[in-house]
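Input: a single structure, listed below in C-alpha cells.
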Amino acid sequence: VNAAIAVRPVRADEREAFLAMALRSWRDAYVGILDAAEIDDAPAMLARAWDKRADQFRIAMLEGAVAGFYSLGAADDAKTVNYLWHLYVDPLAQRRGVGSALNAAALTEIKARGATRAWLDVLRANAKARAFYAALGWRDFGAEQDDYDSILMECDIA
Ligand SMILES: CC(C)(COP(=O)(O)OP(=O)(O)OC[C@H]1O[C@@H](n2cnc3c(N)ncnc32)[C@H](O)[C@@H]1OP(=O)(O)O)[C@@H](O)C(=O)NCCC(=O)NCCS
C-alpha cells in the first residue's frame, strides 16, 4: 500500500484535471482496440460523463495531482449495486500502487453497500487491465455477449 495515495470524491473545481487524466487513461486502454470514431468521441464522452455523474467519481490523489479514478454502478439497482464500473489510472502515474488503492477503496464501498462479491467487465484485448485485476484477486467468470468482446470478472470481498 502506497501511503502517499488518498482516495476521495472529486470536487467541481477539479473538472479540467480530472478530464485530462481520464482522457489519457482512456486512450491508454483503448487506442488500437476500439475503432477511430469511438476514440475521436472520447473527450466529448468523458465531458458528458462528468456532467452526468461527477458526484459518483472517486479520485486518487498522488503528489498533489489527480492520478486516477473509479466509479461504481447505481446503488439502487440489484444488477449494478456491486459493479465496479470504471477504474482508470493516469499513464503518468501507473505502476505506483494507484490502481491498487482505487481497487481497495472500491471494494470497501461495495462492501458498505452490503455485497460480498464484486464484478466488472473488461475488454478481452485489454491485457494490462486483466493482468492488474488478476494480480489483485479478481477471477474470470464468463464472457459478455456484447459488441466489445468483454470478459466478466468477479472478486470476493473479505
Ligand atoms: C490497469 C491499471 C488500472 C493499473 O493501474 P496501476 O496504478 O498501474 O496499478 P498498480 O500500480 O496498483 O499495480 C498493481 C499490480 O497490478 C499488476 N499490474 C499492473 N500493471 C501491470 C502490467 N502493465 N502488466 C502486468 N501486471 C500489471 C502488477 O502485479 C502490479 O503490482 P506490481 O507493480 O507490484 O508488480 C492501469 O494500467 C490503467 O489505468 N490502464 C488503463 C485504463 C484501463 O484499462 N482501465 C481498466 C478498464 S476495465
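The values are calculated or read from the model by the stated rules, or taken from the named source; none is laboratory data. Values in this document were obtained by computation on a predicted structure and should not be read as measured data. Reconstructed Cβ throughout: ideal geometry from the backbone, glycine too, with neighbour counts over all protein chains shown.
Values for this structure:
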quantity	calculated
Residue match in segment 84-94 (condition: more than 15 Å from the chain's Cα centre (by Cα) and closer than 21 Å to residue 32 by Cα)	yes
Residue in segment 10-17 that is at pLDDT 95 or above, touching a strand residue (DSSP E or B) at 6+ places or on another chain (Cβ under 6 Å) and in a loop (DSSP other than H, G, I, E, B) present	yes
Residue count, segment 23-54 (criterion: among the aliphatic types (A, V, I, L, M), surrounded by 12 or more Cβ atoms within 10 Å (Cβ to Cβ) and assigned to a helix (DSSP H, G or I))	9
Residues of segment 91-130 classified as within 21 Å of residue 2 (Cβ to Cβ) and acidic (Asp, Glu), total	1
So residue 80, is it among the β-branched types (Val, Ile, Thr) and within 21 Å of residue 151 (Cβ to Cβ)	yes
Wholly enclosed strands (runs of 3 or more DSSP E) of segment 55-149 bearing at least 1 residues of a type in the set (Gly, Ala, Ser) and either surrounded by fewer than 21 Cβ atoms within 10 Å (Cβ to Cβ) or more than 9 Å from the ligand (Cβ to nearest atom) (or both)	65-72, 117-123, 139-144
Filtered residues of segment 1-16 (kept if buried (at least 16 other Cβ atoms within 10 Å of the Cβ) and among the aliphatic types (A, V, I, L, M))	5, 7, 10
Only listed residue being out of contact with any Leu (no Cβ under 9 Å at 6 or more places or on another chain) and part of a loop (DSSP other than H, G, I, E, B), chosen from 3, 20	3
From the options 58, 124, 117, residue that is more than 19 Å from residue 26 (Cα to Cα) and basic (Lys, Arg)	117
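For every residue, the table says whether it meets (1) within 15 Å of the chain's Cα centre (by Cα); (2) within 18 Å of residue 78 (Cα to Cα).
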| residue | (1), (2) |
| --- | --- |
| 105 | yes, no |
| 117 | no, yes |
| 132 | yes, no |
| 145 | no, no |
| 157 | no, yes |
